[in-house]
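Let me begin by presenting the structure, written as structure tokens, before commenting on it.
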């Protein structure tokens with residue numbers, strides 16, 4: 001297929017985007033969509049979940065063992081490109097470029113397979129970035145520390161894909177176990193999606209891109225790798241650590257982004273439900289705004305963004321926003337499963353209403369009250385004088 005000059009130009013741009021270009025991404029002025037509609041699952045193909053458990057209690061040595069991690073996406077429409085950045089403990093598992101050729105990382109049946117079948121060119125990348133060691137970044141893929149990798153793909157020209165109810169495979173990556181626990185020990189690492197790996201380098205974000213060049217943030221269900229050489233006591237504990245609002249003043253008819261921060265304070269992978277409720281401070285009104293779920297690995301912290309469009313007909317006043325996590329089976333510490341915020345919802349006034357409001361506000365001040373009393377006294381005085389003059393006039397006419 002012969003490509004036009006404009007198509008070749010787009011190809012060049014997106015090649016740079018997927019590899020590392022900061023300047024081109026900045027010039028495109030790509031906007032991050034508020035909300036996390038795209039969901040990515042990091043899956044063990046042997047079990048169908050996000051757990052990679054290796055039982056070494058019988059003396060099995062897993063050092064050098066390879067295992068495959070698959071990445072699936074769902075809940076997204078009009079997708080023309082995707083990119084993910086992932087991290088792991090490089091002292092326990094490692095990425096080997098020679099064991100991950102692009103033809104294997106992007107197998108037949110990946111999300112852009114139909115585009116490829118129709119003759120579109122697929123740009124693919126899977127690059128080891130670095131290992132963050134105690135002494136700084138290292139390009140040694142075997143260095144101890146936190147390893148980082150970036151992968152992504154797009155089509156030339158654009159080929160929009162809808163992945164809403166079903167799941168689609170993005171890619172698959174091989175890891176190798178490089179450490180073994182001592183008897184009675186458990187080695188553990190999470191394979192995490194890094195939503196924003198470097199705030200100063202937008203090319204290292206995790207996102208899906210649409211035809212209008214907007215980005216949607218990915219809400220990931222990460223994976224956990226455990227090499228167990230003893231008994232493990234499971235501790236289950238999910239906490240809401242904080243909540244932030246994008247605006248300080250809330251008005252009817254407008255929207256506010258609510259960011260909820262969670263932490264898995266237990267030692268097992270947990271999938272949990274959470275709820276956002278809004279209640280009038282006097283209890284006269286209660287509304288469930290949103291219900292959803294998240295999956296967190298042991299010790300993992302993550303957030304969820306919810307965009308609340310405040311109804312135009314909502315009455316103004318004080319409300320309580322209540323955020324809660326459904327208790328897990330066997331969870332003992334429930335003190336951090338709920339968090340509340342008190343908010344005030346106002347109405348934006350028109351110019352005339354604003355002037356009237358300022359006037360009414362001013363008239364409630366001591367000076368305003370004095371002025372009202374003074375004006376009332378003047379009006380009353382002149383009213384009395386008018387009545388007296390009328391009485392005198394009548395008396396004169398009678399005489």
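Read-outs throughout are calculated quantities, based only on the coordinates presented, and are distinct from any laboratory measurement. These numbers come from a predicted model, not from an experiment. Glycine also receives a Cβ, built like all others from the backbone with ideal geometry; neighbour counts cover every protein chain displayed.
If I take all pairs of Cα atoms in segment 120-176, what percentage of them are more than 18 Å from each other?
53 percent
Just grab the label-to-label distance for residue 121 and residue 333, each label 7 Å out from Cα along the Cβ direction, in nm (one decimal).
With each label placed 7 Å out from Cα toward Cβ, I get 5.5 nm.
Which FRET efficiency, nearest 0.05, do residue 257 and residue 138 yield, Cβ-Cβ r, R0 25 Å?
The computed FRET efficiency comes out at 0.10.
Order of 122, 42 from fewest to most other C-beta atoms within 10 Å? Intermediate values should be presented prior to the final figure.
Values: 122 16, 42 25.
Lowest to highest Cβ neighbour count: 122, 42.
Provide the FRET efficiency to the nearest 0.05 for the residue 166-residue 248 pair, computing r from the beta carbons and using R0 = 35 Å.
0.30
Over the Cα atoms of segment 195-347, what Rg and Dmax result, in angstrom?
When restricted to the Cα atoms of segment 195-347, Rg and Dmax are 18.2, 61 Å.
Thinking of segment 36-141 as a set of Cα atoms, what percent of all their pairs are more than 24 Å apart?
39 percent
If you rank 146, 335 by fewest surrounding Cβ atoms within 10 Å, what's the result?
Ordered from fewest to most neighbouring Cβ atoms within 10 Å, 146, 335 come out as 335, 146.
Could you check the simple spin-label distance between residue 176 and residue 312, using points 7 Å along Cα→Cβ, in nm with one decimal?
A separation of 6.3 nm, rounded to one decimal place.
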